[in-house]
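Q: A single structure is presented below for examination.
The values are calculated or read from the model by the stated rules, or taken from the named source; none is laboratory data. Source: prediction; values computed, not measured. Counting neighbours? That spans all protein chains shown, and the Cβs are built from the backbone with ideal geometry, glycine included. SASA here: full protein model, heavy atoms, side chains in, ligands and nucleic acids out. Shrake-Rupley method; radii C 1.70, N 1.55, O 1.52, S 1.80 Å.
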Amino acid sequence: MTGAGAMAEAGNAEIVRVARGWLGTPYHHQMSCIGAGCDCLGLVRGVWRTLFHTEPFTIPAYSRGWGEADRDEQLLWRLSQLLRQKHVGEVEPGDVVLFRMRQGVAARHLGIQSNKAQFIHALERHGVVETRLSAPWQRRIVARFSYPLENR
């Protein structure tokens, strides 16, 4: 592989390497500190900081709930402003994956695809883990994004 494809593959491998560095970090709502604590958004933010050395804006306070009944797709909208949205079936390591945990509520859970069959994410009571992308997880995917590596 040469050119842009090789650069993207190298960038994707770097994203996965950085995300795996967060494995074992305890779950802590609204935090993004490797080894000390993070939630699913904090993991994605921490990988962003490693790649780009800063965050694009200050994250306002947000609630914990997957099950909150509002339908405000603020997270989906914000991700589409910062990352490159992809077709959900276009799976590559390093992708940021957005999940809707319950029908009728906004999508609020994030993970980073580590290979075709697994992703890395932060779960309450488990911390940052690498999980098999089983059928129940796959059904919950509502959007897929890639980090804008060409802008580094």
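Q: Return one number: the angle in degrees, 0 to 90 and rounded to the nearest 10, between the long axis of the Cα atoms of helix 3-20 and the longest principal axis of the Cα atoms of the chain.
A: For helix 3-20, the angle is close to 40 degrees.
Q: With a point put 7 Å past each Cα toward its Cβ, work out how far Ser80 is from Thr58 in nm, to one decimal.
A: The answer from the label model is 2.7 nm.
Q: Same structure again: Give the distance, in whole Å, between the Cα centre of segment 21-54 and the Cα centre of segment 84-152.
A: Segment 21-54 and segment 84-152 have Cα centres separated by 15 Å.
Q: Quick one: with all protein chains in place, what share of the accessible area of the chain is carbon or sulfur, to the nearest percent (1.4 Å probe)? Walk me through the numbers on the way to the answer.
A: On the way: 4310 of 8070 Å².
Its accessible area is 53 percent carbon and sulfur atoms.
Q: With every protein chain present, what is the per residue accessible area of segment 67-133 (1.4 Å probe, Å²)?
A: Values: 3480 Å² over 67 residues.
Result: 52 Å² per residue.
Q: Another question, then. Using a Gaussian network for the chain with springs between C-alpha atoms less than 10 Å apart, which of these wobbles most: Ser80, Ser114, Ser134?
A: For the chain, modelled as a Gaussian network with Cα springs under 10 Å, the answer is Ser134.
Q: Which value in nm describes the separation of the simple spin-label points at Leu23 and Lys116, placed 7 Å from the Cα toward the beta carbon?
A: 2.0 nm
Q: Please list, ordered by chain and number, the residues whose modelled amide H lies under 5 Å from the amide H of Gly127; skip anything fewer than 5 residues away on the same chain.
A: Tyr27
Q: I've got another one for you. Where does the charge balance sit around Ile112 when Lys and Arg score +1, Asp and Glu -1, over other residues with C-beta under 10 Å from its C-beta? Before the final figure, lay out the partial values.
A: Values: positive: Arg20; negative: Asp95, Glu130.
Charge balance near Ile112 sits at -1.
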